[in-house]
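Take a look at the structure set out below.
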Amino acid sequence: MRNYVLLFCFIMEFGLMAQSIKIHQQDYYHASAGEECISKLFVENVTDQDLEIFINRNQVPGTTRNYMCWSACHNPSDGMTSTMLVPANRTVDNFSGHILSMPADSTVVINYCFNLLNKPNQSVCVDVLYTSSSDYLGAETVSHSTFSVHPNPASNDLIVNFEGAEFAEFTLYDVLGNQVHARQITNATALNLTHFKPGLYFCVLTIGGARLQKKLFITR
């Protein structure tokens, strides 16, 4: 009987371990050669308890210079972040990985492990792919019926709706092509536009490498 109890406890503990956190990421992150390439990941706490999480980075020797941000941004030489509290049943987007200058026509894979403080056996590791290769731009920029922004024209708040993924990368460009806003969003996210000047903008939604585009007019 004692063995059955121990086995049951082990199974329960394993189940909790496997379900404590989930990491949401894109298939890849692209930047042109010589530009900074940034990955943004969602960290989801799927438990009813607050979790203290830290991250360590694993990479092959000679990997191009890079750093990561969690509770703060760390030096490229730092292989581990400080600890940050993720509230129960919450998803945060505080993690980002940065390659300072992408090598020409190359792909870099960095492994990040998200660890629970004082629970060394509980971690979720993901491989993040950074690339400057044009091979990853096969999904052309297109308009898509499952991506919408409203109201349009907009003055104060903008609602972004999409289907096909739980998370997406939203980027806003002005008429000159300058990036003026970028963040990861979920469906029906509301964005405040009051600090943007009136005019024509382009909304770009990135889902799994596909880029979906809409025009937006901001008025006052």
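Within the stretch 69-78, is there a residue that is farther than 15 Å from K214 by Cα and modelled with pLDDT under 90?
Of the residues in the stretch 69-78, the ones farther than 15 Å from K214 by Cα are 69-78.
Cutting the leftovers down to modelled with pLDDT under 90 gives us 71.
Yes; the residues of the stretch 69-78 include at least one that is farther than 15 Å from K214 by Cα and modelled with pLDDT under 90.
Out of L129, L51, report the one residue that is aliphatic (A, V, I, L, M), more than 16 Å from the chain's Cα centre (by Cα) and not assigned by TED's automatic domain parsing to the domain that holds A210.
None of the other options fit; the residue is L51.
Can you tell me which of (1) assigned to a strand (DSSP E or B); (2) under 19 Å from N115 (Cβ atoms) is the one H98 doesn't meet?
Of the numbered conditions (1) assigned to a strand (DSSP E or B); (2) under 19 Å from N115 (Cβ atoms), the odd one out for H98 is (2).
Does the stretch 59-86 hold any residues that are of a type in the set (S, T, N, Q), under 18 Å from the mean Cα position of the chain (by Cα) and in a loop (DSSP other than H, G, I, E, B), and which are they? I'd like the intermediate steps shown before the answer.
As a first pass, look at the stretch 59-86 and keep what is of a type in the set (S, T, N, Q): 59, 63-64, 66, 71, 75, 77, 81-83.
When the remaining residues are screened for being under 18 Å from the mean Cα position of the chain (by Cα), the result is 66, 71, 81.
Of everything in the stretch 59-86, those that are of a type in the set (S, T, N, Q), under 18 Å from the mean Cα position of the chain (by Cα) and in a loop (DSSP other than H, G, I, E, B) turn out to be S71, T81.
Any residue at all in the stretch 169-179 that's of a type in the set (D, E, K, R), over 14 Å from the mean Cα position of the chain (by Cα) and not in a strand (DSSP E or B)?
No, the conditions are met nowhere in the stretch 169-179.
Name the single residue that is modelled with the highest pLDDT among those in the stretch 1-37 being more than 16 Å from F167 (Cα to Cα) and part of a strand (DSSP E or B). Talk me through it step by step, then tell me what you get.
To start, the set of residues in the stretch 1-37 that are more than 16 Å from F167 (Cα to Cα) comprises 1-20, 30-37.
Retained after the next criterion (residues that are part of a strand (DSSP E or B)): 30, 37.
Values: H30: 87, C37: 91.
Selected residue: C37.
Identify the residue in the stretch 101-112 that is in a strand (DSSP E or B) and touching a Phe, Trp or Tyr at 6+ places or on another chain (Cβ under 8 Å) and, among all such residues, is surrounded by the fewest Cβ atoms within 10 Å (Cβ to Cβ). Walk me through it before giving the result.
Step one: of the stretch 101-112, the residues in a strand (DSSP E or B) are 107-112.
When the remaining residues are screened for being touching a Phe, Trp or Tyr at 6+ places or on another chain (Cβ under 8 Å), the result is 107-110, 112.
Working: T107: 15, V108: 20, V109: 13, I110: 20, Y112: 23.
My answer is V109.
Quick test for you: out of T83, T91, pick the one residue that is surrounded by 14 or more Cβ atoms within 10 Å (Cβ to Cβ), of a type in the set (V, I, T) and at pLDDT 90 or above. I'd like the intermediate steps shown before the answer.
Numbers: T91 fails: at pLDDT 90 or above.
Step by step, each of T83, T91 is checked, and only T83 is surrounded by 14 or more Cβ atoms within 10 Å (Cβ to Cβ), of a type in the set (V, I, T) and at pLDDT 90 or above.
Filtering the stretch 39-48 down to residues that are in a strand (DSSP E or B) and either polar (S, T, N, Q) or outside the structural domain of G97 (by TED's automatic domain parsing) (or both), which residue is nearest to S106 (Cα to Cα)?
S39
Hey, can you tell me all the residues within the stretch 22-41 that are surrounded by 20 or more Cβ atoms within 10 Å (Cβ to Cβ) and of a type in the set (S, T, Y)?
Y29, S39 - these are the residues of the stretch 22-41 that are surrounded by 20 or more Cβ atoms within 10 Å (Cβ to Cβ) and of a type in the set (S, T, Y).
Residues being in a loop (DSSP other than H, G, I, E, B) and more than 23 Å from F95 (Cβ to Cβ): count how many of those fall in the stretch 189-220. I'd like the intermediate steps shown before the answer.
Step one: of the stretch 189-220, the residues in a loop (DSSP other than H, G, I, E, B) are 193-198, 208-209, 219-220.
Of the ones still in play, those that are also more than 23 Å from F95 (Cβ to Cβ) are 193-198, 219-220.
Counting residues in the stretch 189-220 that are in a loop (DSSP other than H, G, I, E, B) and more than 23 Å from F95 (Cβ to Cβ) gives 8.
Regarding A190, is this residue over 26 Å from S132 (Cβ atoms) and in the same structural domain as H150 (by TED's automatic domain parsing)?
In short, yes.
Restricted to the stretch 142-167, and to residues that are in a loop (DSSP other than H, G, I, E, B) and of a type in the set (A, V, I, L, M, F, W, C), which residue is modelled with the highest pLDDT?
Checking each candidate, the answer is F167.
The values are calculated or read from the model by the stated rules, or taken from the named source; none is laboratory data. Just so we're clear, the structure is a prediction, and the values are computed from it rather than from any experiment. FYI the Cβ positions are ideal-geometry reconstructions off the backbone, even for glycines, and counts take in every protein chain you see.
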